[in-house]
Amino acid sequence: MRHHTHNLLAPLPGTARQIHSFHYGPENSGCKVYIQASLHADELPGMLVAWYLKQRLAELESAGLLLGEIVIVPVANPIGLEQVLMDIPLGRYELESGQNFNRWFVDLSLQVGDDVEARLNDDPQHNLELIRSSLRAALSAQVVDTQLQSQRLTLQRLACDADIVLDLHCDFEAVEHLYTTPEAWPQVEALSRYLGAQASLLATDSGGQSFDECFTLLWWQLQQRFGARFAVPMGSFSVTLELRGQGDVNHALASRDCQALINYLTQHGVIAGDPAPQPELLYPATPLAGVEPVATPVGGLLVFCAQPGEFLEAGQQIAEIIDPISDRVTPIHTLNPGLLYARSLRRMATAGMVIAHVAGTEAYRSGYLLSP
């Protein structure tokens with residue numbers, strides 16, 4: 001195991017922070033997997049899974065069973081981890097800028113495309129190595145002005161040449177689910193099965209330049225630009241894993257998720273051994289554009305009458321909003337059928353607040369598809 005420390009730009013003297021990466025298996029093996037946890041720093045189930053993975057990967061490395069390099073970043077957001085205001089963790093948005101920690105990673109697809117165009121050919125392996133080299137150089141040349149930009153760039157540099165990128169998150173109250181692209185789904189379906197994901201949500205570009213999409217989108221955009229002339233492979237695929245809810249931090253779930261990831265990496269040929277049988281797919285992959293964000297038109301006490309993991313019919317009541325002054329009760333219904341995979345942790349709703357997400361099978365939204 002190789003432990004590297006990556007210093008972030010310090011906003012003030014005496015306030016330096018670092019990203020720690022742990023590298024297992026052979027370098028330059030031709031296969032690299034990058035796994036990070038808690039980019040939203042108040043989402044901690046993945047951090048415990050990363051701790052379990054470190055122990056397992058050390059054992060597998062000692063036994064000579066790692067066939068590729070696996071990089072673990074257990075604390076991907078030291079800035080947000082320290083943002084605790086009066087005992088309340090605030091790890092989703094940077095307090096100085098108000099920006100979501102998982103948005104606006106740098107998009108270098110145009111720059112990389114311009115750099116490699118004259119050197120691309122019909123050999124996909126040549127083009128893969130050429131594009132990765134150009135991307136590494138472009139990221140190395142980036143200059144940052146803020147600590148947040150420094151953190152984003154550090155994470156991108158660590159993951160930019162990985163074949164597989166896994167970003168471990170969680171929702172507020174939720175069943176296990178994941179986000180990836182339609183192009184990557186054939187390779188990700190086994191992961192969904194091993195994890196027992198109850199929803200798998202697909203979008204090529206959901207908007208916002210999130211961490212996972214800053215890699216897959218680059219390769220997809222290069223394919224769209226050059227695919228008719230050159231053999232451009234899909235050099236990376238990424239998955240955001242939502243490991244249930246914020247309160248689901250316990251050893252039983254974390255060890256189970258760790259084993260699911262080990263099973264997947266074995267199935268993918270990164271770890272030597274016979275792959276474990278794949279469980280059934282609990283719910284078919286559906287378009288992210290088919291997700292209904294259920295919002296309330298009024299504020300008040302939020303009382304749910306549907307549980308995460310429950311399939312809802314069109315028009316089914318999901319919650320009610322109670323005004324304790326007027327005694328008015330406002331029922332909240334879904335518009336479309338689908339799986340209720342996540343709901344709010346708050347129980348006092350404000351008017352216009354999204355209280356739940358339901359995964360439908362038919363795409364009906366467009367544009368920016370992510371939560372704020």
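The values are calculated or read from the model by the stated rules, or taken from the named source; none is laboratory data. Just so you know, these numbers come straight off a predicted model, no measurement behind them. Reconstructed Cβ throughout: ideal geometry from the backbone, glycine too, with neighbour counts over all protein chains shown. Ligands, DNA and RNA are excluded from the accessible area calculation, which covers all protein heavy atoms including side chains. Shrake-Rupley method; radii C 1.70, N 1.55, O 1.52, S 1.80 Å.
Looking at the structure I just gave you, is residue 81 surrounded by fewer than 23 Cβ atoms within 10 Å (Cβ to Cβ) and at negative phi?
yes
With touching a Phe, Trp or Tyr at 6+ places or on another chain (Cβ under 9 Å), in a helix (DSSP H, G or I) and closer than 17 Å to residue 169 by Cβ as the only criterion, which of 254, 289 stands out?
Exactly one of 254, 289 is touching a Phe, Trp or Tyr at 6+ places or on another chain (Cβ under 9 Å), in a helix (DSSP H, G or I) and closer than 17 Å to residue 169 by Cβ, namely 254.
Looking at 239, 249, 188 in this structure, which one is assigned to a loop (DSSP other than H, G, I, E, B) and at pLDDT 95 or above?
249
Test of understanding: among 242, 176, 189, which residue is acidic (Asp, Glu) and touching a Lys or Arg at 6+ places or on another chain (Cβ under 7 Å)?
Step by step, each of 242, 176, 189 is checked, and only 176 is acidic (Asp, Glu) and touching a Lys or Arg at 6+ places or on another chain (Cβ under 7 Å).
Can you find a residue in segment 106-116 that is of a type in the set (D, E, K, R), modelled with pLDDT of 95 or more and more than 27 Å from residue 242 (Cα to Cα)?
Yes, some residue in segment 106-116 is of a type in the set (D, E, K, R), modelled with pLDDT of 95 or more and more than 27 Å from residue 242 (Cα to Cα).
Within segment 232-263, track down each residue that is more than 24 Å from residue 275 (Cα to Cα) and surrounded by fewer than 16 Cβ atoms within 10 Å (Cβ to Cβ).
Correct list: 233, 247, 250.
Tell me, please, whether a residue that is open to solvent by less than 10 Å² (accessible area, probe 1.4 Å), closer than 27 Å to residue 363 by Cβ and in contact with a Cys (Cβ under 8 Å, 6 or more places away or on another chain) can be found in segment 275-298.
Looking for residues that are open to solvent by less than 10 Å² (accessible area, probe 1.4 Å), closer than 27 Å to residue 363 by Cβ and in contact with a Cys (Cβ under 8 Å, 6 or more places away or on another chain), one finds none in segment 275-298, hence no.
Would a scan of segment 38-53 turn up a residue that is among the hydroxyl-bearing types (Ser, Thr, Tyr) and either open to solvent by 70 Å² or more (accessible area, probe 1.4 Å) or closer than 22 Å to residue 243 by Cβ (or both)?
Yes - at least one qualifying residue is present in segment 38-53.
If you take the residues of segment 99-128 that are open to solvent by 50 Å² or more (accessible area, probe 1.4 Å) and within 25 Å of the chain's Cα centre (by Cα), which of them is nearest to residue 368 (Cα to Cα)?
Only one residue tops the list, namely 104.
Name the residue that is surrounded by the most Cβ atoms within 10 Å (Cβ to Cβ), counting only residues in segment 199-213 that are in contact with a strand residue (DSSP E or B) (Cβ under 6 Å, 6 or more places away or on another chain) and touching a residue at least 60 places away in the same chain (Cβ under 8 Å).
199
Could you please find all residues in segment 124-172 being of a type in the set (S, T, N, Q), assigned to a helix (DSSP H, G or I) and more than 12 Å from residue 36 (Cβ to Cβ)?
125, 127, 133, 134, 140, 147, 149, 150 - these are the residues of segment 124-172 that are of a type in the set (S, T, N, Q), assigned to a helix (DSSP H, G or I) and more than 12 Å from residue 36 (Cβ to Cβ).
All but one of (1) crowded, with 17+ Cβ neighbours inside 10 Å; (2) over 18 Å from residue 244 (Cα atoms) hold for residue 62; state the number of the condition that does not hold.
Only one criterion is unmet by residue 62, namely (1).
Scan segment 159-178 and give yes if some residue there is free of Cβ contacts under 8 Å to residues at least 24 places away in the same chain and out of contact with any Pro (no Cβ under 6 Å at 6 or more places or on another chain), otherwise no.
Among the residues of segment 159-178, not one is free of Cβ contacts under 8 Å to residues at least 24 places away in the same chain and out of contact with any Pro (no Cβ under 6 Å at 6 or more places or on another chain), which makes the answer no.
Taking segment 137-154, which residues are surrounded by 23 or more Cβ atoms within 10 Å (Cβ to Cβ) and within 19 Å of residue 207 (Cα to Cα)? Don't jump to the end; show me each part of the working.
Residues of segment 137-154 surrounded by 23 or more Cβ atoms within 10 Å (Cβ to Cβ): 151-152.
Residue satisfying the conditions is 152 alone.
Return the residues of segment 346-361 that are out of contact with any Pro (no Cβ under 8 Å at 6 or more places or on another chain) and either farther than 22 Å from residue 311 by Cβ or at pLDDT below 95 (or both); say none if nothing qualifies.
Those that are out of contact with any Pro (no Cβ under 8 Å at 6 or more places or on another chain) and either farther than 22 Å from residue 311 by Cβ or at pLDDT below 95 (or both): 346, 347, 348, 349, 350, 353.
Here is a list of conditions, (1) under 22 Å from residue 116 (Cα atoms); (2) outside any loop (DSSP other than H, G, I, E, B), and residue 259 meets all of them except one; can you say which number that is?
Tallying (1) under 22 Å from residue 116 (Cα atoms); (2) outside any loop (DSSP other than H, G, I, E, B), residue 259 fails exactly one: (1).
Residue under question is residue 351, and the condition is that it be within 15 Å of residue 298 (Cβ to Cβ) and either open to solvent by 60 Å² or more (accessible area, probe 1.4 Å) or out of contact with any strand residue (DSSP E or B) (no Cβ under 8 Å at 6 or more places or on another chain) (or both); does it hold?
yes
Return the pair list, or none, for Cβ contacts closer than 7 Å from residues in segment 274-302 that are more than 18 Å from residue 312 (Cα to Cα) to residues that are among the acidic types (Asp, Glu) and open to solvent by 40 Å² or more (accessible area, probe 1.4 Å), at least 6 apart or on different chains.
281/189; 300/323
Kindly establish whether residue 91 is assigned to a loop (DSSP other than H, G, I, E, B) and more than 30 Å from residue 269 (Cβ to Cβ).
On the way: assigned to a loop (DSSP other than H, G, I, E, B): yes; more than 30 Å from residue 269 (Cβ to Cβ): yes.
Yes; evaluated as a whole, the condition is true for this residue.
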